[in-house]
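Notes to accompany the following structure.
The values are calculated or read from the model by the stated rules, or taken from the named source; none is laboratory data. Quick caveat, the model's predicted, so the values are computed rather than measured. Every residue, glycine as well, gets a Cβ built from its backbone with ideal geometry; the counts of neighbours run over all protein chains shown. The protein model used for the area step is the full one, side chains on, heavy atoms only, and it has no ligands, DNA or RNA in it. Shrake-Rupley method; radii C 1.70, N 1.55, O 1.52, S 1.80 Å.
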Amino acid sequence: MTTSTTTTGPTVTPSAAPAPCHTHRRRGRIVGAAAVALAGASLLGTGAFSAWNATTAVSGNVAAGVVTPALVDANGGSFTTAVANLLPADYFYRYVDVRNDGSAPSTFTGTVTASGDLAGQVLVEATSCSVAWTAGSVCSGTTTALGTGTPTAATPLVVNHGTVANGASAAQHVRYKFTFSASAPSTLQGKTGSLSATVSNTAVGGNDRTGG
C-alpha cells in the first residue's frame with residue numbers, strides 16, 4: 001500500500017530549503033501510520049475476510065385419516081336370510097358386528113327401515129353385548145340398549161351405536177330382535193315386506209397430533 005502527502009504553501013524565493021527538522025519527520029510518520037491503520041479498517045469493513053455458511057433441513061410425512069364403517073354377519077347367521085310363515089307375536093333374531101375399518105375411533109349411527117305391506121307391523125329392538133352373542137341369544141357380558149321402535153320406509157328406527165374404536169377386535173356385537181305385531185290384522189295374511197339395516201360413522205377432528 002502507498003500513502004502520499006501533498007503540502008501547498010506561499011511562494012518563496014529560490015534559496016536553499018531548510019532541512020526538515022526531526023519533529024516534522026516524526027509528524028509525517030505518525031500521519032502515515034494513522035492513514036495505514038484507517039485503510040486497514042476500511043478493508044475489514046468491506047468484507048475482505050472469509051464467510052462460512054451451512055444449511056440443514058428436516059422433513060416428516062403426514063397422512064389424512066380414513067373413515068370406513070362395516071356391518072358384518074355374526075353369530076353364525078346372515079341378516080339377509082328370509083323368514084316365512086310369520087304369525088302375530090312371532091319373533092326372530094339377527095346378529096351383526098359393527099366394525100370400524102377406519103384409522104381412528106369414530107361415532108356410529110345406524111338405521112333400520114321396513115318396507116312393503118308389513119312395514120309398521122314389526123317391532124325392532126337393537127341391543128349390543130360387550131362380548132360376542134352366544135347360541136340361544138345369550139350375552140355373557142354387559143348389554144346396552146341401542147334403539148327400539150316400529151320402523152317404516154319414511155320413519156326409520158335410529159340406532160345409536162356410540163363410539164367404536166378402530167380395528168376388528170373392537171367391533172360392537174349387535175343383536176336385532178324383530179317381533180311381528182301381536183295385533184296384526186288378518187288382512188295381512190300372505191303379505192310380504194322387507195327389513196334393512198344401515199350404519200354410518202363420523203370422525204371428528206380438532207385433536208392434538210403432536211405425538212404422531
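Taking the centroid of alpha carbons for each part, segment 188-212 and segment 48-65 are 46 Å apart. Couplings 3J(HN,Hα) of segment 150-161, computed from phi: 10, x, 10, 5, 7, 10, x, 7, 8, 10, 8, 7 Hz, in residue order, whole Hz [Karplus 6.51 cos²θ - 1.76 cosθ + 1.60, θ = phi - 60°; x for Gly and Pro].
Taking the three principal axes of the alpha carbon atoms in segment 108-212, the coordinate ranges are 64, 32, 17 Å, sorted in descending order.
The calculated pair-distance distribution of segment 49-90 uses every alpha carbon pair, bins of 10 angstrom beginning at 0, and gives 13, 18, 16, 12, 11, 9, 8, 7, 4, 3, 0 percent. In this structure the amide hydrogen of LEU146, modeled in the peptide plane, comes within under 5 Å of the amide hydrogens of ALA126, THR127, SER128, none closer than 5 places in sequence on its chain. Length available on full extension from THR134 to ALA51: 0.36 nm per residue minus the Cα-Cα distance, which gives 22.1 nm.
Using the Karplus relation 6.51 cos²θ - 1.76 cosθ + 1.60 with θ = phi - 60°, the per-residue 3J(HN,Hα) values for segment 60-68 come to x, 8, 10, 8, 7, x, 10, 10, 9 Hz, with x marking Gly and Pro. The amide H of ALA70, built 1.01 Å from its N in the peptide plane, has ARG99, ASP101 as neighbours under 5 Å, considering only residues 5 or more places off or on other chains. Can you work out the PRE-style zone for VAL72? Point 7 Å along Cα to Cβ, and I want the residues of segment 94-109 with backbone N under 14 Å. Under 14 Å, as judged by backbone N against the label point of VAL72, lie 96-102 of segment 94-109.
Per residue, the accessible area of segment 129-211 comes to 58 Å², computed with a 1.4 Å probe over protein heavy atoms only. Using a simple spin-label model with pseudo-atoms 7 Å out from Cα toward Cβ, THR202 and ALA168 lie 3.0 nm apart. Taking the Cβ of PHE79 as the center, what net charge do the other residues with Cβ under 9 Å away carry, scoring Lys and Arg +1 and Asp and Glu -1? After counting each charged neighbour, the total is 0. Share of segment 134-211's accessible area from carbon and sulfur, percent, 1.4 Å? Reported share for carbon and sulfur atoms: 50 percent.
Listed values for segment 177-188 are Karplus-derived 3J(HN,Hα) couplings in whole Hz (6.51 cos²θ - 1.76 cosθ + 1.60, θ = phi - 60°), namely 10, 10, 10, 6, 3, 5, 9, 4, x, 5, 5, 8, and x replaces Gly and Pro.
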